[in-house]
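A.B. asks: Take this structure, written in structure tokens, and hold onto it; I'll ask about it next.
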Amino acid sequence: MSATTAGVSTAGVTGAGGVEPETPVRPARRGRGRWRWAVFAVLGLYFLVPLGASLWFTVRGRDGVTADAYTSIPGAEGFAENFGRSLLLGVLTVGIALLLVVPTVVLVELRLPRLRPLVEFLTLVPLLLPPIALVVGVRSVLAWAPDYFYGTPLAEAFFALQEPALPWILVLVYVVLALPFVYRALDAGVRGAQLRTLTEAARVLGASWPRVMASVVLPVLRTSVLNAAFLTLALVLGEFTVANILGFETFPTWIVRISGSQPRLSVAVSVLSLLLTWVLLLLISALDRRRREEDPA
């Protein structure tokens with residue numbers, strides 16, 4: 001074998017002291033990257049153009065640019081009451097959903113892995129069932145149950161669920177609607193963590209199950225819990241159909257109600273709500289990135 005042939009045959013071999021040749025960038029990959037950026041640009045315009053138009057509608061005045069639509073939001077009639085009510089409904093929904101799903105996810109991961117497909121299917125049912133069908137069924141039950149159980153504590157419970165100041169029936173419906181998002185967020189966190197090893201170590205050291213949940217499980221699933229809470233809160237603050245059909249006034253129904261008489265105010269509130277949602281999303285992403293940087297490799 002000639003030296004030239006040997007040199008050619010060993011040019012692509014890397015070993016001790018060898019340097020692997022650089023992989024050439026193919027034109028197809030460059031074209032694929034351009035298409036990716038083009039798609040992102042189109043999607044960005046799809047979201048930013050309506051947002052920019054809404055923002056311009058709220059600040060445009062006869063004498064030029066004005067921020068009156070935004071400065072008048074805190075003092076608008078019904079804003080504080082309805083926003084506070086929706087925020088309270090969101091907090092209650094987040095609390096109940098986490099109390100239901102966190103122990104379930106941990107139990108399935110540690111003790112009952114065979115039930116994972118069943119739990120996943122049950123949490124997907126709210127996505128398969130149209131919300132309008134769910135709320136019509138709930139309204140039918142609320143209509144006949146108090147009369148059927150009149151004079152019993154159950155009838156009083158049904159009346160308490162429909163209290164306008166704090167409609168607990170909305171909390172229960174929102175918990176059902178949020179189950180798919182809460183379960184997916186928590187399940188992704190459980191799959192990416194060594195939960196079994198950590199819980200077994202804590203149990204060996206004598207920690208009780210409540211202590212394990214508070215000191216081990218929740219810190220490990222901190223980002224997943226925040227994601228689930230954010231998704232649930234965003235769902236509650238933006239949900240209109242259920243509250244409107246059941247006859248309760250919440251933050252979204254208030255925005256629709258004032259849109260006829262105060263269109264600029266309603267659009268301004270919607271823009272601020274969207275921006276607040278984006279800020280929360282960026283905050284959660286930053287916390288997740290910080291946690292990944294702090295975790296050991």
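The values are calculated or read from the model by the stated rules, or taken from the named source; none is laboratory data. Quantities reported herein were computed from a predicted structural model and do not represent experimental measurements. Positions of Cβ are generated from backbone atoms using ideal geometry, with glycine treated the same way; all protein chains shown enter the neighbour counts. SASA here: full protein model, heavy atoms, side chains in, ligands and nucleic acids out. Shrake-Rupley method; radii C 1.70, N 1.55, O 1.52, S 1.80 Å.
A.B. asks: Suppose accessible area is computed on protein heavy atoms with a 1.4 Å probe; arrange R290, R62, R114, R222 from highest to lowest.
C.D. replies: Output order, biggest surface exposure first: R62, R114, R290, R222.
A.B. asks: Over the range 122-250, with every protein chain in place, what whole percent of the accessible area is carbon and sulfur at 1.4 Å, could you tell me?
C.D. replies: 68
A.B. asks: Looking at the P(r) of the range 79-193, how many percent of alpha-carbon pairs lie beyond 19 Å? Walk me through the intermediate numbers first.
C.D. replies: Values: 3760 of 6555 pairs.
The calculated P(r) of the range 79-193 puts 57 percent of pairs beyond 19 Å.
A.B. asks: Suppose R0 equals 22 Å; then what is the FRET efficiency for L142 and L88 from their Cβ-Cβ distance, rounded to the nearest 0.05?
C.D. replies: 0.60
A.B. asks: For the range 121-199, what relative contact order do you get, as a whole percent, if you take Cα pairs closer than 8 Å and at least 6 residues apart?
C.D. replies: 35
A.B. asks: If you plug each phi of the range 279-284 into the Karplus form 6.51 cos²θ - 1.76 cosθ + 1.60 with θ = phi - 60°, what whole-Hz ³J(HN,Hα) values come out, in order, with x for Gly and Pro?
C.D. replies: 5, 5, 5, 5, 5, 5
A.B. asks: Among L48, L226, L170, which one shows the biggest mean-square fluctuation in a GNM of the chain, springs joining Cα atoms closer than 10 Å?
C.D. replies: Sorting by GNM fluctuation, first place goes to L48.
A.B. asks: On to the next question. Roughly speaking, what is the centre-to-centre gap between the range 164-195 and the range 219-286 when only Cα atoms are used, to the nearest Å?
C.D. replies: 16
A.B. asks: How high is the relative contact order of the chain, given as a whole-number percent (alpha carbon pairs under 8 Å, six or more residues apart)?
C.D. replies: Working: 213 pairs, mean separation 74.7, N = 297.
About 25 percent, as a whole number.
A.B. asks: What's the percent breakdown of Cα-Cα distances in the range 188-297 across 5 Å bins, shortest bin first?
C.D. replies: Distribution as computed: 2, 10, 14, 15, 13, 11, 9, 9, 7, 6, 3, 1, 0 percent.
A.B. asks: Using a 1.4 Å probe, what is the accessible area per residue for the chain, in Å²?
C.D. replies: Working: 19000 Å² over 297 residues.
On a per-residue basis, 64 Å².
A.B. asks: Hey, another quick one. Let me have the 222 nm mean residue ellipticity of the chain computed from DSSP H runs of 4+ only, each contributing -39500 (n - 2.57), with the sum over all residues rounded to the nearest 500.
C.D. replies: Calculated at 222 nm, the ellipticity per residue is -24000 deg cm²/dmol.
A.B. asks: Here's a follow-up. Translational diffusion coefficient of the range 36-90 at 25 °C, 0.890 mPa s, Stokes-Einstein with Kirkwood Rh over Cα pairs, in µm²/s as a whole number.
C.D. replies: Diffusion coefficient, whole number: 174 µm²/s.
A.B. asks: Right, next: Pick from G95, G206, G33: which is most flexible by mean-square fluctuation in a GNM of the chain where alpha carbon atoms under 10 Å apart are linked?
C.D. replies: G33
A.B. asks: Would you mind telling me which residue in S86, S285, S208 has the biggest mean-square fluctuation in a Gaussian network model of the chain, where springs connect alpha carbons within a distance under 10 angstrom?
C.D. replies: Highest fluctuation of the listed residues: S208.
A.B. asks: Also: For the range 201-243, evaluate the Debye formula with one uniform point scatterer on each Cα (no solvent term) and list log10 I(q)/I(0) at q = 0.20, 0.29, 0.31 Å⁻¹, rounded to two decimals.
C.D. replies: Computed log10 I(q)/I(0) values: -0.67, -0.92, -0.97.
A.B. asks: Rank G260, A157, L48 by how far each Cα sits towards the positive end of the charge dipole of the chain (+1 on Lys, Arg Cβ; -1 on Asp, Glu Cβ) and give me just the farthest.
C.D. replies: Checked the options; the winner is L48.
A.B. asks: How large is the charge dipole for the chain, taken about the Cα centre, if only the Cβ atoms of Lys, Arg (+1) and Asp, Glu (-1) carry charge, to the nearest 20 debye?
C.D. replies: On the way: 25 positive and 19 negative charges, 219 e Å.
Computed charge dipole of the chain: roughly 1060 debye.
A.B. asks: Efficiency by 1/(1 + (r/R0)^6): what FRET value for R290 and D68, r their Cβ-Cβ distance, R0 = 51 Å, to the nearest 0.05?
C.D. replies: 0.85
A.B. asks: So what's Rg/Rh here for the range 136-251, counting alpha carbon atoms and using the Kirkwood radius for Rh? Please report the intermediate quantities before stating the final value.
C.D. replies: Values: Rg = 19.5 Å, Rh = 17.0 Å.
We get a ratio of 1.15 for the range 136-251.
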